[in-house]
1. Going by the conditions given, is Asp212 among the acidic types (Asp, Glu) and in a loop (DSSP other than H, G, I, E, B)?
2. If you check Val137, Val109, which single one turns out to be without any contact (Cβ under 8 Å) to a residue 24 or more places away in the chain and either of a type in the set (Val, Ile, Thr) or touching a Lys or Arg at 6+ places or on another chain (Cβ under 8 Å) (or both)?
3. For region 122-151, give me the residue count where each residue is surrounded by fewer than 17 Cβ atoms within 10 Å (Cβ to Cβ) and either modelled with pLDDT of 95 or more or among the charged types (D, E, K, R) (or both).
4. Going through Ala28, Ala53, Ala16 one at a time, which residue ends up being away from the ligand (no atom under 16 Å from the Cβ) and modelled with pLDDT of 95 or more?
5. Return yes when Asp22 is of a type in the set (Asp, Glu) and out of contact with any Gly (no Cβ under 9 Å at 6 or more places or on another chain) and no when it is not.
6. Of everything in region 188-208 that's open to solvent by less than 10 Å² (accessible area, probe 1.4 Å) and closer than 19 Å to Trp270 by Cα, which residue is farthest from the ligand (Cβ to nearest atom)?
Amino acid sequence: MDTVYLNGEFMDADQARISPMDRGFLFADGIYEVIPVYNGVPFRLEEHLRRLARSLREVRLDDPLDGAGWRRLCEELVARNGGGHLSLYLQITRGVATRRDHAFPDPPVPPTVFMNTSPLPVPAADQPARTAGVAAVTLDDIRWDRCDIKSVSLLANLLLRQRAVDAGAAEAILIRDGQVTEGAASNLFLVRDGEIRTPPLSHHLLGGITRDLVIELCREHGLPVVECPLTAAELADADEIWLSSSTKDVLPVTTLDGRPVGDGRPGATWKILANHYIRFKRHLCGLD
Ligand code: PDD
C-alpha cells in the first residue's frame, strides 16, 4: 500500500479523507507540483520548491512550510514509499470552508496539504517514444491568462489532451493568437536552421523546470538556443520538435497534425541533447 501525506500525517493511501467542502474539490482552488525522483533522489527539488512558493504567492495562499520543511516532507514520503524512481505529487488548496462562497474564507482556514507518489517509468533508450518519437496535434489554446501558475484548475488542459488522444496523438501543442505557447502538459522546443528555439516565459505558459534545464544544458554544451516567439507556421516548418516535462524528460515529436516532422524520425540535435540530459541525471542521481 502506498503511503501518502495529508495535513500533517503519513497514512495508507486508502485511509486519506478530504471533505467535499474543500475548496480544491469545489473550485479547483489550489496549486500543485510534480517532482521526478530518481533512485530516491528528488530531481531539481530546489527549483520545484521555488516554483511552488511562487504559485502560492500568485494565488494569495500563505506557504504552510519553509524550504527546509518541504524538503524534509518530500524526503520522508519518498523513503516511506521505498525510494526508487517515483513521481512525487504535492497539492495545496485553500482548505475546507463552512459554506460554498467564491470569496476566500474570512478568517482564513488552514490549507489542505496532500502529497503522494506514483511509479515513474524511466524512459529507456529503446522505448518507442524515444526511438520513433511521438505524434502531436495543434489546437487552439483555450486556457486562461495565467498559465504561468501551476494551478489544479486543469479542465482546459484535460479537454485539450483528450482531443489529442482521440486523434491518436500523445500531446496537444497549443496556439494562441497565431503563436505557439506550449503542450497541454509540457513545454515546447523546435529546431530550425540549426537553432533551438522555445517561446519566452509569459503568463501564457508554465515556466517548466525541465525547460530551464534543457536551456541550461544547451548553453553549457554550446548548442545554440534562443527564447523567442514562435508562430504556428514556423512550427509546421520545423526540422525538429521536442516536448519537455518532469515526467517525459525531453521527447521528440516526429508527426505533427498527421505530417512528418523533418524526416519523420528523432532528429540529430535531439539525440545530442538527450544524451547530455541522461548524463546530467546520471551524475545527480546515480541513474544507470
Ligand atoms: N506538467 N506546461 C504545462 C502546462 C505542464 O502541465 C507541465 C508539466 C509543463 C512542464 O513543466 P515541468 O518541466 O516543470 O514538469 C509545462 C506536469 C508534469 C503534470 O501536470 O503532471
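1. no
2. Selected residue: Val109, the only one of Val137, Val109 that is without any contact (Cβ under 8 Å) to a residue 24 or more places away in the chain and either of a type in the set (Val, Ile, Thr) or touching a Lys or Arg at 6+ places or on another chain (Cβ under 8 Å) (or both).
3. So the count comes out to 6.
4. Result of the check over Ala28, Ala53, Ala16: Ala16.
5. So Asp22 fails the test.
6. If we take residues in region 188-208 being open to solvent by less than 10 Å² (accessible area, probe 1.4 Å) and closer than 19 Å to Trp270 by Cα, then Val191 is farthest from the ligand (Cβ to nearest atom).
This table checks each residue for (1) over 25 Å from Thr247 (Cα atoms); (2) open to solvent by 30 Å² or more (accessible area, probe 1.4 Å); (3) away from the ligand (no atom under 16 Å from the Cβ).
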position: Arg60; (1), (2), (3): yes, yes, yes
position: Gly67; (1), (2), (3): no, yes, yes
position: Arg72; (1), (2), (3): no, yes, yes
position: Arg80; (1), (2), (3): no, yes, yes
position: Gly83; (1), (2), (3): no, no, yes
position: Leu90; (1), (2), (3): no, no, no
position: Gly95; (1), (2), (3): yes, no, yes
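One line per residue, one yes/no per condition, for (1) assigned by TED's automatic domain parsing to the domain that holds Glu46; (2) open to solvent by 10 Å² or more (accessible area, probe 1.4 Å); (3) touching a strand residue (DSSP E or B) at 6+ places or on another chain (Cβ under 7 Å); (4) free of Cβ contacts under 8 Å to residues at least 12 places away in the same chain:
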| site | (1), (2), (3), (4) |
| --- | --- |
| Ala185 | no, yes, yes, no |
| His221 | no, yes, no, no |
| Cys228 | no, yes, yes, no |
| Lys248 | no, yes, yes, no |
| Val253 | no, no, yes, no |
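The values are calculated or read from the model by the stated rules, or taken from the named source; none is laboratory data. Here the structure is a predicted model, which is why all the values come from computation and not from measurement. Glycine also receives a Cβ, built like all others from the backbone with ideal geometry; neighbour counts cover every protein chain displayed. We work out accessible area using only protein heavy atoms, side chains counted, and drop any ligands, DNA or RNA first. Shrake-Rupley method; radii C 1.70, N 1.55, O 1.52, S 1.80 Å.
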